[in-house]
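Student: Before I ask anything, here is the structure I am working with.
The values are calculated or read from the model by the stated rules, or taken from the named source; none is laboratory data. Every value quoted in this text rests on a predicted model; they were computed, and no experiment measured them. Here Cβ is always computed from backbone atoms with ideal geometry, including for glycine, and neighbour counts include all displayed protein chains.
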Amino acid sequence: MADSAPLDFTSWRAAFVAALDAGTVSDVPCGGCTACCRSRQFVTIAPDESDTLAHVPKRLLSRVPQSLDGALVLPYRHEDGACPMLGPAGCLIYEHRPRACRLYDCRVFAAAGVMPDQPLIAERIRFWQFDESTVRRSSVRRARDYLQAGVAPLAAAVQAVVGSAHPSEGRSGRASVAIAESTPLTKRPDSSVE
Ligand code: SF4
Ligand code: SF4
(Lines give C-alpha, C1' and ligand atoms only; values in the text may rest on other atoms or scores of the structure.)
(Ligands and ions follow the chains in the order given, each with its own letter.)
Protein backbone atom coordinates (compact mmCIF):
# COMPACT_ATOMS: atom_id res chain seq x y z
CA MET A 1 0.00 0.00 0.00
CA ALA A 2 2.92 2.31 0.68
CA ASP A 3 3.86 2.09 -3.00
CA SER A 4 0.49 3.37 -4.22
CA ALA A 5 -0.15 6.98 -5.20
CA PRO A 6 -0.31 9.46 -2.32
CA LEU A 7 -3.75 10.30 -1.00
CA ASP A 8 -5.15 13.64 -2.09
CA PHE A 9 -5.21 15.69 1.09
CA THR A 10 -7.92 18.11 -0.03
CA SER A 11 -10.49 15.51 -1.01
CA TRP A 12 -9.71 13.31 1.98
CA ARG A 13 -10.13 16.28 4.32
CA ALA A 14 -13.43 17.29 2.74
CA ALA A 15 -14.82 13.80 3.37
CA PHE A 16 -13.38 13.72 6.89
CA VAL A 17 -14.93 17.06 7.84
CA ALA A 18 -18.25 16.13 6.25
CA ALA A 19 -18.36 12.92 8.30
CA LEU A 20 -17.57 14.84 11.48
CA ASP A 21 -20.17 17.48 10.77
CA ALA A 22 -22.85 14.91 10.02
CA GLY A 23 -21.75 12.42 12.68
CA THR A 24 -21.84 9.67 10.09
CA VAL A 25 -19.01 7.36 9.01
CA SER A 26 -15.38 7.83 8.09
CA ASP A 27 -14.86 5.62 5.09
CA VAL A 28 -11.48 4.16 6.06
CA PRO A 29 -10.31 1.21 3.94
CA CYS A 30 -9.31 -0.76 7.03
CA GLY A 31 -9.02 -4.13 5.32
CA GLY A 32 -8.40 -6.63 8.08
CA CYS A 33 -6.84 -4.09 10.44
CA THR A 34 -8.19 -3.87 13.97
CA ALA A 35 -5.34 -1.82 15.44
CA CYS A 36 -7.51 0.88 16.98
CA CYS A 37 -9.72 -1.80 18.60
CA ARG A 38 -6.63 -3.34 20.26
CA SER A 39 -4.86 -0.21 21.48
CA ARG A 40 -5.91 0.07 25.10
CA GLN A 41 -8.47 2.75 24.32
CA PHE A 42 -11.77 3.55 25.93
CA VAL A 43 -14.76 4.17 23.69
CA THR A 44 -17.25 6.79 24.76
CA ILE A 45 -20.91 6.18 23.93
CA ALA A 46 -23.30 9.13 24.07
CA PRO A 47 -26.78 8.75 25.57
CA ASP A 48 -28.43 9.27 22.16
CA GLU A 49 -26.70 6.19 20.72
CA SER A 50 -29.62 3.94 21.57
CA ASP A 51 -28.96 1.40 18.84
CA THR A 52 -25.38 0.90 20.03
CA LEU A 53 -26.43 0.76 23.65
CA ALA A 54 -28.96 -1.94 22.82
CA HIS A 55 -26.17 -4.13 21.45
CA VAL A 56 -23.52 -3.72 24.16
CA PRO A 57 -23.96 -5.79 27.34
CA LYS A 58 -24.66 -3.38 30.21
CA ARG A 59 -22.12 -5.12 32.44
CA LEU A 60 -19.36 -3.89 30.11
CA LEU A 61 -20.28 -0.21 30.41
CA SER A 62 -19.24 2.38 32.96
CA ARG A 63 -20.34 5.95 33.54
CA VAL A 64 -17.95 8.62 32.30
CA PRO A 65 -16.74 10.41 35.41
CA GLN A 66 -17.95 14.03 35.55
CA SER A 67 -20.08 13.60 32.43
CA LEU A 68 -23.04 15.96 32.57
CA ASP A 69 -25.03 14.22 29.87
CA GLY A 70 -24.73 10.66 31.17
CA ALA A 71 -22.22 9.42 28.61
CA LEU A 72 -20.98 5.88 29.06
CA VAL A 73 -17.64 4.33 28.34
CA LEU A 74 -16.72 0.93 27.01
CA PRO A 75 -13.41 0.05 28.67
CA TYR A 76 -10.80 -2.19 27.09
CA ARG A 77 -9.88 -5.65 28.38
CA HIS A 78 -7.01 -5.40 30.80
CA GLU A 79 -5.50 -8.72 29.76
CA ASP A 80 -4.85 -7.80 26.13
CA GLY A 81 -5.86 -4.15 25.69
CA ALA A 82 -8.61 -5.01 23.22
CA CYS A 83 -12.17 -3.76 23.17
CA PRO A 84 -14.48 -6.39 24.69
CA MET A 85 -16.65 -6.22 21.57
CA LEU A 86 -13.76 -7.35 19.37
CA GLY A 87 -14.14 -10.96 18.26
CA PRO A 88 -11.84 -13.24 16.25
CA ALA A 89 -13.26 -11.95 12.96
CA GLY A 90 -13.60 -8.29 13.92
CA CYS A 91 -16.14 -6.13 15.69
CA LEU A 92 -19.03 -8.19 17.02
CA ILE A 93 -21.39 -5.24 16.73
CA TYR A 94 -20.00 -3.69 13.57
CA GLU A 95 -23.36 -2.57 12.18
CA HIS A 96 -24.21 -1.06 15.57
CA ARG A 97 -20.78 0.18 16.62
CA PRO A 98 -20.40 3.43 18.57
CA ARG A 99 -20.27 6.78 16.80
CA ALA A 100 -16.71 7.24 18.03
CA CYS A 101 -15.70 4.07 16.17
CA ARG A 102 -17.56 5.06 13.02
CA LEU A 103 -15.87 8.46 12.96
CA TYR A 104 -12.40 7.28 13.86
CA ASP A 105 -10.03 7.70 10.94
CA CYS A 106 -6.39 6.92 11.68
CA ARG A 107 -5.41 8.64 8.43
CA VAL A 108 -5.72 11.95 10.29
CA PHE A 109 -2.39 11.22 11.98
CA ALA A 110 -0.61 10.74 8.67
CA ALA A 111 -2.39 13.74 7.16
CA ALA A 112 -1.19 16.00 9.97
CA GLY A 113 2.25 14.42 10.36
CA VAL A 114 1.47 13.42 13.94
CA MET A 115 2.67 10.23 15.59
CA PRO A 116 -0.01 8.53 17.71
CA ASP A 117 1.06 7.25 21.09
CA GLN A 118 -0.44 3.82 20.45
CA PRO A 119 2.19 1.54 18.85
CA LEU A 120 -0.27 -0.55 16.81
CA ILE A 121 -1.85 2.54 15.28
CA ALA A 122 1.57 4.11 14.72
CA GLU A 123 2.53 0.99 12.79
CA ARG A 124 -0.65 1.13 10.73
CA ILE A 125 -0.37 4.76 9.68
CA ARG A 126 2.96 4.14 8.01
CA PHE A 127 0.90 2.84 5.11
CA TRP A 128 -0.94 6.15 4.57
CA GLN A 129 0.91 8.59 2.33
CA PHE A 130 -0.46 12.05 1.54
CA ASP A 131 0.48 14.58 -1.09
CA GLU A 132 2.76 17.47 -0.17
CA SER A 133 0.39 20.26 -1.19
CA THR A 134 0.63 23.72 0.34
CA VAL A 135 -2.61 23.27 2.22
CA ARG A 136 -1.41 20.01 3.72
CA ARG A 137 1.89 21.55 4.76
CA SER A 138 0.03 24.26 6.64
CA SER A 139 -1.94 21.58 8.52
CA VAL A 140 1.31 19.83 9.43
CA ARG A 141 2.74 23.10 10.75
CA ARG A 142 -0.41 23.75 12.75
CA ALA A 143 -0.32 20.25 14.24
CA ARG A 144 3.28 20.78 15.31
CA ASP A 145 2.24 23.97 17.09
CA TYR A 146 -0.61 22.18 18.88
CA LEU A 147 1.72 19.41 20.01
CA GLN A 148 4.25 21.89 21.30
CA ALA A 149 1.42 23.55 23.25
CA GLY A 150 0.73 20.24 24.94
CA VAL A 151 -2.35 19.14 22.99
CA ALA A 152 -2.75 15.36 22.81
CA PRO A 153 -1.83 13.74 19.47
CA LEU A 154 -5.35 12.86 18.26
CA ALA A 155 -6.81 16.24 19.18
CA ALA A 156 -3.81 18.03 17.67
CA ALA A 157 -4.13 16.14 14.41
CA VAL A 158 -7.88 16.65 14.14
CA GLN A 159 -7.78 20.33 15.00
CA ALA A 160 -4.89 20.96 12.64
CA VAL A 161 -6.63 19.25 9.74
CA VAL A 162 -10.14 20.51 10.37
CA GLY A 163 -9.09 24.01 11.28
CA SER A 164 -8.32 24.98 7.73
CA ALA A 165 -11.20 23.15 6.08
CA HIS A 166 -13.83 25.88 6.08
CA PRO A 167 -12.25 28.88 7.76
CA SER A 168 -15.02 31.28 6.79
CA GLU A 169 -18.04 29.08 7.40
CA GLY A 170 -17.52 27.98 10.96
CA ARG A 171 -17.96 24.33 10.06
CA SER A 172 -14.47 23.54 11.20
CA GLY A 173 -15.38 24.74 14.66
CA ARG A 174 -18.43 22.51 14.77
CA ALA A 175 -16.42 19.53 13.60
CA SER A 176 -13.78 20.14 16.22
CA VAL A 177 -16.44 20.35 18.88
CA ALA A 178 -18.05 17.19 17.55
CA ILE A 179 -14.88 15.18 17.82
CA ALA A 180 -14.03 16.65 21.19
CA GLU A 181 -17.47 15.92 22.58
CA SER A 182 -17.71 12.43 21.16
CA THR A 183 -14.23 11.76 22.59
CA PRO A 184 -13.38 9.29 19.85
CA LEU A 185 -11.54 6.34 21.29
CA THR A 186 -10.22 8.44 24.10
CA LYS A 187 -7.44 6.84 26.05
CA ARG A 188 -7.88 7.05 29.78
CA PRO A 189 -5.79 5.84 32.67
CA ASP A 190 -7.10 2.60 34.11
CA SER A 191 -7.89 4.27 37.39
CA SER A 192 -10.39 6.66 35.83
CA VAL A 193 -13.15 4.08 35.55
CA GLU A 194 -14.81 2.75 38.63
S1 SF4 B 1 -6.20 1.71 12.93
FE2 SF4 B 1 -7.00 2.72 11.08
S3 SF4 B 1 -6.99 1.15 9.47
FE4 SF4 B 1 -6.81 0.11 11.48
S5 SF4 B 1 -8.94 -0.40 12.03
FE6 SF4 B 1 -8.45 1.58 12.98
S7 SF4 B 1 -9.15 3.13 11.51
FE8 SF4 B 1 -9.03 1.16 10.40
S1 SF4 C 1 -16.94 -1.37 19.41
FE2 SF4 C 1 -16.19 -2.53 17.66
S3 SF4 C 1 -15.27 -1.00 16.29
FE4 SF4 C 1 -15.47 -0.06 18.33
S5 SF4 C 1 -13.48 -0.41 19.37
FE6 SF4 C 1 -14.88 -2.08 19.93
S7 SF4 C 1 -14.45 -3.72 18.46
FE8 SF4 C 1 -13.62 -1.82 17.61
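Student: For the list (1) of a type outside the set (Gly, Ala, Ser); (2) within 25 Å of residue 49 (Cα to Cα); (3) within 16 Å of ligand 1 (Cβ to nearest atom); (4) modelled with pLDDT of 95 or more, I need the number of the one condition that residue 125 fails.
Tutor: Here residue 125 clears every test but (2).
Student: Does segment 50-90 hold any residues that are in a loop (DSSP other than H, G, I, E, B), more than 9 Å from ligand 2 (Cβ to nearest atom) and touching a strand residue (DSSP E or B) at 6+ places or on another chain (Cβ under 7 Å), and which are they?
Tutor: 61, 64, 71, 75
Student: Of the residues that make up segment 44-53, is at least one surrounded by 14 or more Cβ atoms within 10 Å (Cβ to Cβ) and farther than 25 Å from residue 157 by Cβ? Even if it seems obvious, please write down each step before you answer.
Tutor: The first filter runs over segment 44-53 and keeps only residues surrounded by 14 or more Cβ atoms within 10 Å (Cβ to Cβ), leaving 44-46, 49, 52-53.
Now drop any that are not farther than 25 Å from residue 157 by Cβ, which leaves 53.
Yes; the residues of segment 44-53 include at least one that is surrounded by 14 or more Cβ atoms within 10 Å (Cβ to Cβ) and farther than 25 Å from residue 157 by Cβ.
Student: Six or more apart or on different chains, Cβ under 8 Å: which pairs go from a residue in segment 29-42 that's without any contact (Cβ under 8 Å) to a residue 12 or more places away in the chain to one that's of a type in the set (Lys, Arg)? Could you list them?
Tutor: none
Student: Identify, by number, the condition in (1) within 15 Å of ligand 2 (Cβ to nearest atom); (2) at pLDDT 95 or above; (3) surrounded by 15 or more Cβ atoms within 10 Å (Cβ to Cβ) that residue 12 doesn't meet.
Tutor: Single failed check for residue 12: (1).
Student: Just give me the residues in segment 45-77 being of a type outside the set (Asp, Glu) and either touching a helix residue (DSSP H, G or I) at 6+ places or on another chain (Cβ under 7 Å) or within 16 Å of ligand 1 (Cβ to nearest atom) (or both), in sequence order.
Tutor: 45, 46, 52, 55, 65, 74, 76
Student: How many residues are of a type in the set (Gly, Ala, Ser) and closer than 10 Å to residue 96 by Cβ if we restrict to segment 51-74?
Tutor: So the answer is 1.
Student: Okay, moving on. I'm checking my understanding of the structure. Among residues of segment 26-36 that are more than 6 Å from ligand 1 (Cβ to nearest atom) and over 11 Å from the mean Cα position of the chain (by Cα), which one is modelled with the highest pLDDT?
Tutor: That would be 29.
Student: So is residue 90 near ligand 1 (Cβ under 10 Å from one of its atoms), without any contact (Cβ under 8 Å) to a residue 60 or more places away in the chain and in contact with a Ser or Thr (Cβ under 8 Å, 6 or more places away or on another chain) or not?
Tutor: Judged against the criteria, residue 90 is a match.
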